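Notes for the one structure printed next.
The values are calculated or read from the model by the stated rules, or taken from the named source; none is laboratory data. As the structure is a computational prediction, the values presented were derived from the model and not from experiment. Ideal geometry is used to build each Cβ from the backbone, glycine not excepted, and the neighbour counts take in all protein chains shown. All accessible areas refer to the heavy atoms of the entire protein, side chains included, with ligands and DNA or RNA removed. Shrake-Rupley method; radii C 1.70, N 1.55, O 1.52, S 1.80 Å.
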Amino acid sequence: MSFTCTECGYSTVKWLGRCPECQAWGTLEEKGAGSTSVKTKVKKSSGAKSITEVDTTLAVAKRTFVDEFDRVLGGGIVPGGVILLSGEPGVGKSTLLLDVAARAAKFESTVLYVTGEESAGQVRLRADRINALEENLLLAAETDLGAVLGLIEAENPDLLIVDSIQTLASSEVDGVPGGVTQVREVAAALIREAKSRSLSTVLVGHITKDGTIAGPRLLEHLVDVVCTFEGEKHSRLRMLRAIKNRFGPTDEVGCFDMEENGIKSLEDPSGLFLSRASGSTPAGTCLTVNQEGKRPLLVEVQSLVTEAAAGQTRRSVSGVDSSRVAMMIAVLSQKVSAAGFAKSDVFVATVGGAKLVEPANDLAICLSLASAALGRALYAKFVAIGEISLSGEIRNVPNLGQRLSEAARLGMTRAIVARGALRNVSIPDGMVVKECEHVAEAV
C-alpha cells in the first residue's frame with residue numbers, strides 16, 4: 001500500500017497531510033489498498049542497443065514557418081514533441097496558434113485544430129481576419145477526449161493543436177473539466193497519442209491568478225516544452241519565452257507584433273521601443289540596450305521631474321522596477337549635487353511597453369533622470385550601458401560587445417560604459433565609446 005500525490009506524483013508509504021514535494025495540502029491518495037503485494041507484469045522487450053546506433057532522424061525539428069515561434073523552439077516542432085503554451089487571457093495565444101496552424105498546413109502538413117472554448121464559426125471568423133484559411137487545416141469544436149482521440153485516428157494529422165486542455169474532459173474519470181483529475185487524464189492520453197504516432201502537439205494551458213499554469217504541476221513535467229506568451233494589452237508587442245525545452249535552448253525570446261489583421265513575427269523589434277528614429281533628443285530621454293535572452297533590444301527611457309504641487313512628492317514608474325528607480329534617485333541625490341529630487345515629483349517610463357528589469361539599464365535611468373532634472377538634453381544617437389552601485393560606481397555588464405553592435409547597427413554613434421569594460425570588447429566602426437568610473441562623471 002502506498003500514497004501518491006495527485007498534484008506532482010510524489011509517492012510515500014504513509015499518509016501525510018501535506019505533500020513534501022509540491023507542498024500541496026490533502027492531495028495524497030491511497031493506492032493499492034487491500035493487497036499486500038503488487039507484481040508488475042513482465043513484457044517482452046525489443047532489446048537495448050548502443051546509443052551510437054539510435055536513429056536520430058525522428059528527432060529532427062520541422063519548421064512551422066513562423067520564424068519567431070521556430071526560434072524559441074530551437075528550429076521548429078519535433079515530431080512527437082508536446083508543447084504547453086500559457087499566457088494571460090486575451091494576450092493572443094489563439095491568434096498565434098491559428099497562424100502557426102495555417103502556415104504549417106500551407107506546406108503540405110495536415111493540421112487538426114481542436115477548440116473547446118469557441119465555436120467553429122468563431123474560429124473561422126478569426127481565420128478570415130488573419131488570412132489563415134488553408135485546405136489542410138482541419139477544425140473541430142470538441143470538449144470530449146474520446147471524440148478528439150477518434151478525430152486523430154480518422155484524420156492522422158501531422159500537427160495537433162488543442163485550445164485549451166482545461167476544456168477537455170474524459171468520460172472515464174470523475175471530475176469537472178479543468179479539475180486536477182481531468183487535466184491529468186486528458187494530458188496523459190494526448191501525450192501517449194503524440195508519442196505513439198510521432199504527432200507534434202501543442203496544448204494551450206490557462207493560468208491562475210498568481211501567474212502559474214492551472215492544473216497539476218505534473219503537467220509541466222510530462223510535456224517536452226513549456227512556453228509563456230507575454231505582453232501588455234495596451235501594447236502591440238508580444239514575447240514568447242521557453243521556460244523548459246528538451247529540444248533546444250531556454251534563453252531565446254520570440255517577438256511578435258499584434259496588429260488588427262493578426263500577428264506577425266518581428267525580426268527587428270527595437271523600433272517599437274523608440275519614439276523617434278533620429279533628430280533632436282528631448283531632455284529626460286536616454287537610450288539603452290536591454291538583453292532579452294540572447295537578443296539585444298534598443299529601448300528608450302523617459303523621465304519627467306517637476307516641482308511637487310502640495311509639498312508631498314510622487315514617484316511613478318512604468319516599465320521599470322520602482323525599487324531600482326528609487327535607488328537611482330537616492331544615488332543621484334547624494335552623488336550629483338546639481339540634481340535635486342527632494343521636492344520634486346518624478347515619473348519614469350519606457351516607450352512601447354518595454355520592461356527593463358536587468359541592472360544593465362541603471363546608467364540610462366540615471367542619465368535620463370539627470371537630464372530631466374537639469375533640463376539639458378543628451379547627445380543624439382547616444383546609448384548608456386552599465387550597472388550602478390550604491391556608491392555611484394559604474395559596473396560592467398554581460399554581453400557588452402553584442403549590445404554595442406546592436407546600437408551601432410541602429411545608427412548610434414556614442415556610448416558610455418564602465419571603466420575597463422572595453423578591455424576585451426571590439427568597438428564597432430563609427431562609434432565613440434567613453435569609459436566612466438562614476439555616475440557623477442557620466443552626468
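Data overview
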{"quantity": "Residue check for residue 108: in contact (Cβ under 8 Å) with a residue 12 or more places away in the chain, among the acidic types (Asp, Glu) and within 20 Å of residue 258 (Cα to Cα)", "calculated": "no"}
{"quantity": "Test: residue in the range 307-327 that is small (Gly, Ala, Ser), modelled with pLDDT under 85 and under 27 Å from the mean Cα position of the chain (by Cα)", "calculated": "no"}
{"quantity": "Qualifying positions in the range 333-373 - out of contact with any Asp or Glu (no Cβ under 9 Å at 6 or more places or on another chain) and farther than 20 Å from residue 436 by Cα", "calculated": "340, 341, 342, 346, 347, 348, 349, 372, 373"}
{"quantity": "Selection count, the range 279-303, where residues are in a strand (DSSP E or B) and either within 23 Å of residue 241 (Cβ to Cβ) or in contact with a helix residue (DSSP H, G or I) (Cβ under 6 Å, 6 or more places away or on another chain) (or both)", "calculated": "14"}
{"quantity": "Answer residue from the range 380-414, given it is part of a helix (DSSP H, G or I) and open to solvent by 40 Å² or more (accessible area, probe 1.4 Å) and is farthest from residue 292 (Cα to Cα) among those", "calculated": "409"}
{"quantity": "Residue, nearest to residue 239 (Cα to Cα), within the range 356-379, restricted to residues that are surrounded by fewer than 21 Cβ atoms within 10 Å (Cβ to Cβ) and of a type in the set (A, V, I, L, M, F, W, C)", "calculated": "357"}
{"quantity": "Residue selected from the range 310-328 under the condition of a type in the set (Gly, Ala, Ser) and outside any helix (DSSP H, G or I), by the criterion least open to solvent (accessible area, probe 1.4 Å)", "calculated": "319"}
{"quantity": "Selected residue (only one of 433, 417, 331, 346 is touching a Cys at 6+ places or on another chain (Cβ under 8 Å), assigned to a strand (DSSP E or B) and either surrounded by fewer than 22 Cβ atoms within 10 Å (Cβ to Cβ) or not aromatic (Phe, Trp, Tyr) (or both))", "calculated": "417"}
{"quantity": "First in the range 319-336 and under 18 Å from residue 394 (Cβ atoms), second anywhere and in a loop (DSSP other than H, G, I, E, B), Cβ under 6 Å, 6 or more apart", "calculated": "329/341; 331/392; 332/339; 333/341; 335/392; 336/443"}
{"quantity": "Residue pairs meeting the criteria (Cβ under 7 Å; at least 6 apart or on separate chains; first aliphatic (A, V, I, L, M), in the range 248-270; second open to solvent by 50 Å² or more (accessible area, probe 1.4 Å) and in a strand (DSSP E or B))", "calculated": "253/241"}
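Results for (1) under 22 Å from residue 165 (Cβ atoms); (2) open to solvent by 40 Å² or more (accessible area, probe 1.4 Å), shown as yes or no for each residue.
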site	(1), (2)
225	yes, no
237	no, no
244	yes, yes
250	yes, yes
